[in-house]
Amino acid sequence: MVNRETFGSNKIAILAMAGSAIGLGNIWRFPYMVGQNGGAAFIIIYILSCFLLAVPILMSETIIGHRTHQNTFGAMKTLAPGTKWSLLGLLTVISPFIILSYYSVVGGWSIDFLYKSVFEGFKITDGQLQGTSFGSFISSTWGPIICHTIFSLLCVVIVSAGVKSGIEKFNKICMPMLFILIIFILIFSISLPGASAGIDYMLKPDFSKITGPIVASAVGQSFFSLSLGVGTILIYSSYIKSKENILNSGIGTTAFDLIFALLAGFAVMPAVFAAGIEPGAGPGLIFETLPFIFAKMGFGIPWISSVVAIFFFLAVVFAALTSAISMYEAIVAYFVEEKNMSRRKATILVFFGTWFLGLFCSLSFGPLSHLKIMNLSLFDFCDKFTSNFLMTIGGLLFVIFAGWKMKKQEVWEEFTGNGKYKLNCKIFGVFYFILKFIAPIGVGVVFISNFI
Ligand code: PHE
């Protein structure tokens, strides 16, 4: 392979991997899932799942990507030539394709809300929120499609510029801004009168609320949030230089992702409680409830409301873009390296494919809402099918591959940098045990319970 690009340093690799992980999953899904599933107890299960199940999958993908320095399909072909494992390589081209289609639709909604917060503002007249109606917007035909198109085109611009001048540069600018924005909103949110009830909700667990499906949602959310089982972590790891310590990349990514999810939770929940609103509002929470809160609670000063709303939706757009480009890259790298396509051509191909499927996902809220697959709208079907099925099976296969198909020596060489990193050598035994036994059983149980 000639001139394959790499990330400038391990720090930048962590930034990019965290960019993939931190996305709508953290800022849109995590707060509403916490609200729907009982608060602090859900968060505790989520954290446990991150470290016990998600980290082994993440490290498996990192080990495979970093060892081969190839796209997902090429990596499988190199490590297990002539076997059916290359199908896992293909699965990780198909999964990000499906996720991207509906993800770009939600990315589009956030662009619309950013536009509204800049140019129209959210006002309350007679107790009603003006300037937005989430339900009527997403069920309309053209608005969401135009926004979905803009969002997808932004991804094309970034990804076609390449790993270093596109993806790396964009993450370098966006990720620090993202953290600054969310911390700003958090400070606003916790200083609202009545916010403490929301803080308590995030901190005081009530385990009586925990049921099997809630555990399964927490685990599923940790996989989704860390971008697992679909090859995006694998592809980014393949751009990490050989000499780097990949344990740092894996733990760094997990830590950033978790911290950001918690920051987003603490930015949203106190505001929700301060406004006396039901935390279990579901997927509309940040789009419907937050603009209302922002409009209501600018400490009586209108420009404060506007600034907070703009910052918030800017953060949502950044978070969505840094994740979406990682999915683009997983698919684009396959076409470039396996099918000898130019990067630009491959990116445009992925754009058309995901844009087209996305059209149907978008329309499934309105004109196509009667089309059902297994009783779900197309959007919900793509979401459920990928996060409950494709991501879990992908994750399961990655841990089985690293734990059972690869030689222990190979895993050791990657994990410890060939014995160079002393701490990694010390913990290798524990890691390998979790990788070989705990993770496959745990992920397997989750996979089966998703069906039941
Ligand atoms: N982790 C991303 C988020 O939290 C979503 C994602 C899933 C990104 C799979 C890449 C691959 O929004």
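The values are calculated or read from the model by the stated rules, or taken from the named source; none is laboratory data. Note that this is a predicted model, so its numbers are computed, not measured. Here the Cβ is made from the backbone with ideal geometry for all residues, glycine too, and neighbour counts use every protein chain on show.
Looking at the stretch 247-264, can you tell me whether even one residue there is among the charged types (D, E, K, R) and more than 18 Å from the chain's Cα centre (by Cα)?
Scanning the stretch 247-264, I find no residue that is among the charged types (D, E, K, R) and more than 18 Å from the chain's Cα centre (by Cα), so the answer is no.
Does Glu61 meet the test of being within 16 Å of the ligand (Cβ to nearest atom) and either more than 13 Å from the chain's Cα centre (by Cα) or in contact (Cβ under 8 Å) with a residue 60 or more places away in the chain (or both)? The answer is yes for Glu61.
Anything in the stretch 247-272 that is surrounded by 24 or more Cβ atoms within 10 Å (Cβ to Cβ) and more than 13 Å from the ligand (Cβ to nearest atom)? List them, or say none. Passing the criteria: Ser249, Gly250, Gly265, Ala267, Val268, Met269, Pro270, Ala271, Val272. Checking the stretch 282-302 against the condition returns no match, with no residue being within 16 Å of the ligand (Cβ to nearest atom), in contact with a Phe, Trp or Tyr (Cβ under 8 Å, 6 or more places away or on another chain) and part of a loop (DSSP other than H, G, I, E, B). Scan the stretch 165-221 for residues that are among the basic types (Lys, Arg) and under 23 Å from the mean Cα position of the chain (by Cα) and the total you get is 2.
When the residues of the stretch 10-41 are filtered to those that are part of a helix (DSSP H, G or I) and more than 16 Å from the ligand (Cβ to nearest atom), which remaining residue is farthest from Phe312 (Cα to Cα)? The extreme case among them is Asn10. Considering only residues in the stretch 80-92 that are in contact (Cβ under 8 Å) with a residue 40 or more places away in the chain and surrounded by fewer than 21 Cβ atoms within 10 Å (Cβ to Cβ), the one that is nearest to Met17 (Cα to Cα) turns out to be Leu91. Each residue in the stretch 246-287 was checked for being over 20 Å from Ser222 (Cβ atoms) and of a type in the set (Phe, Trp, Tyr), and 2 of them qualify. Counting residues in the stretch 268-279 that are modelled with pLDDT of 85 or more and not in a helix (DSSP H, G or I) gives one or more. Summed over the stretch 170-225, the residues that are closer than 19 Å to Ala264 by Cα, among the small types (Gly, Ala, Ser), in contact (Cβ under 8 Å) with a residue 60 or more places away in the chain and more than 16 Å from the ligand (Cβ to nearest atom) give a count of 6. Here the condition is being of a type in the set (Gly, Ala, Ser) and farther than 24 Å from Gly89 by Cα; of Gly442, Gly419, Gly403, Gly395, it holds for Gly419 alone. Residues that are modelled with pLDDT of 95 or more, assigned to a helix (DSSP H, G or I) and surrounded by fewer than 22 Cβ atoms within 10 Å (Cβ to Cβ) do occur in the stretch 60-72. Looking across Pro96, Pro56, one residue alone is part of a helix (DSSP H, G or I), within 30 Å of Lys384 (Cβ to Cβ) and away from the ligand (no atom under 16 Å from the Cβ). It is Pro56.
Got a sec? Which helices (runs of 4 or more DSSP H) wholly within the stretch 348-435 have at least 3 residues that are of a type in the set (D, E, K, R)?
On the way: elements: 378-384, 391-400, 408-416, 422-433.
Answer list for the stretch 348-435: 378-384, 408-416.
Any residue at all in the stretch 97-113 that's of a type in the set (Val, Ile, Thr), in contact with an Asp or Glu (Cβ under 9 Å, 6 or more places away or on another chain) and under 24 Å from Phe447 (Cβ atoms)?
For the stretch 97-113, residues of a type in the set (Val, Ile, Thr), in contact with an Asp or Glu (Cβ under 9 Å, 6 or more places away or on another chain) and under 24 Å from Phe447 (Cβ atoms): present.
A residue that is on the phi > 0 side of the Ramachandran plot and without any contact (Cβ under 8 Å) to a residue 40 or more places away in the chain cannot be found anywhere in the stretch 33-46. For Ile150, the conditions (1) away from the ligand (no atom under 16 Å from the Cβ); (2) surrounded by 17 or more Cβ atoms within 10 Å (Cβ to Cβ); (3) β-branched (Val, Ile, Thr) are fulfilled apart from (2).
Of the residues Ser449, Ser369, Ser377, Ser387, which single one is small (Gly, Ala, Ser) and within 16 Å of the ligand (Cβ to nearest atom)?
Numbers: Ser449 fails: within 16 Å of the ligand (Cβ to nearest atom); Ser369 fails: within 16 Å of the ligand (Cβ to nearest atom); Ser377 fails: within 16 Å of the ligand (Cβ to nearest atom).
None of the others qualify; the one that does is Ser387.
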